[in-house]
1. Name the helices (runs of 4 or more DSSP H) wholly within segment 123-194 that hold at least 3 residues that are within 22 Å of the chain's Cα centre (by Cα)?
2. Taking into account only those residues within segment 111-122 that are surrounded by fewer than 14 Cβ atoms within 10 Å (Cβ to Cβ) and not in a strand (DSSP E or B), which is modelled with the highest pLDDT?
3. In this structure, does residue 131 turn out to be modelled with pLDDT under 85, assigned by TED's automatic domain parsing to the domain that holds residue 29 and out of contact with any helix residue (DSSP H, G or I) (no Cβ under 8 Å at 6 or more places or on another chain)?
4. Given the conditions (1) assigned by TED's automatic domain parsing to the domain that holds residue 29; (2) surrounded by 12 or more Cβ atoms within 10 Å (Cβ to Cβ); (3) not in a loop (DSSP other than H, G, I, E, B), report the number of the one that residue 107 does not fulfil.
5. Quick check on segment 19-60: of everything there that is in contact with a helix residue (DSSP H, G or I) (Cβ under 6 Å, 6 or more places away or on another chain) and in contact (Cβ under 8 Å) with a residue 60 or more places away in the chain, which residue is surrounded by the fewest Cβ atoms within 10 Å (Cβ to Cβ)?
6. Of the residues 88, 63, only one is surrounded by 15 or more Cβ atoms within 10 Å (Cβ to Cβ), farther than 20 Å from residue 25 by Cβ and at pLDDT below 85; which?
7. I need the full set of residues from segment 134-156 which are modelled with pLDDT under 85 and over 21 Å from residue 172 (Cα atoms), in order please.
C-alpha cells in the first residue's frame, strides 16, 4: 500500500495491477499517471495526436477529418474505487470531461459507491451500498491511497521562526479536494494584496 505522495514524489515502485482508492482530483491525476509507462503523450505532439485521433491541422483542415484515435495500451490494469456515488463528481467543470475521457480510453475501471472492507491476501476487499452487498476482492498487487489528503506545512514553522512572512494558499492551506482553480485564485488575490 502506498500514498499518492510516495508514488508521485518518491517514485516508489508500483505493480501492474493497481487499485486507486479515491476518485477525486488527485485520484484521477494518479490514475492517469499510472496508465502511462513513463512518458506521457501530452509531452509529445505526435504521440498525443495518435492517442486522440487528431491530424496535423496544416495537413487536415481542423485536424479531425478521417482520423481515428490509436491509444497506446495502458501500462497497468487499474480499478479506481470511490465511496462517492459518482467517480470524479468533484472534478472541475472545464477539465473534468477530459480526465474521464482519458481514463476511459485507457480502460480504467471506475467503481463508484464502494465500502472499503480491508486489505486482504490478493487485493482490496470492497462491498457496495449501505447494506454492504456484493462483497468482492479487487485483485491487485498495489493499492494507492488518494483520499484523506493532508496539507504539507513543514516549511511554515521554520520560516516563521526565521522571521519570514508566510502565507498559506492552495493545498498548503486546505489539501482536501485539491483545486488548481482555487489555488490560482488565492495566489492572485494574495499577490494583489501584497
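The values are calculated or read from the model by the stated rules, or taken from the named source; none is laboratory data. In this text, all values refer to a predicted model and were calculated from it rather than measured experimentally. Here Cβ is always computed from backbone atoms with ideal geometry, including for glycine, and neighbour counts include all displayed protein chains.
1. Fully inside segment 123-194 and qualifying: 170-173, 180-193.
2. Per the stated criteria, the residue is 121.
3. Spelling it out, it is not the case that residue 131 is modelled with pLDDT under 85, assigned by TED's automatic domain parsing to the domain that holds residue 29 and out of contact with any helix residue (DSSP H, G or I) (no Cβ under 8 Å at 6 or more places or on another chain).
4. (3)
5. That would be 32.
6. 63
7. Answer for segment 134-156, where residues must be modelled with pLDDT under 85 and over 21 Å from residue 172 (Cα atoms): there is none.
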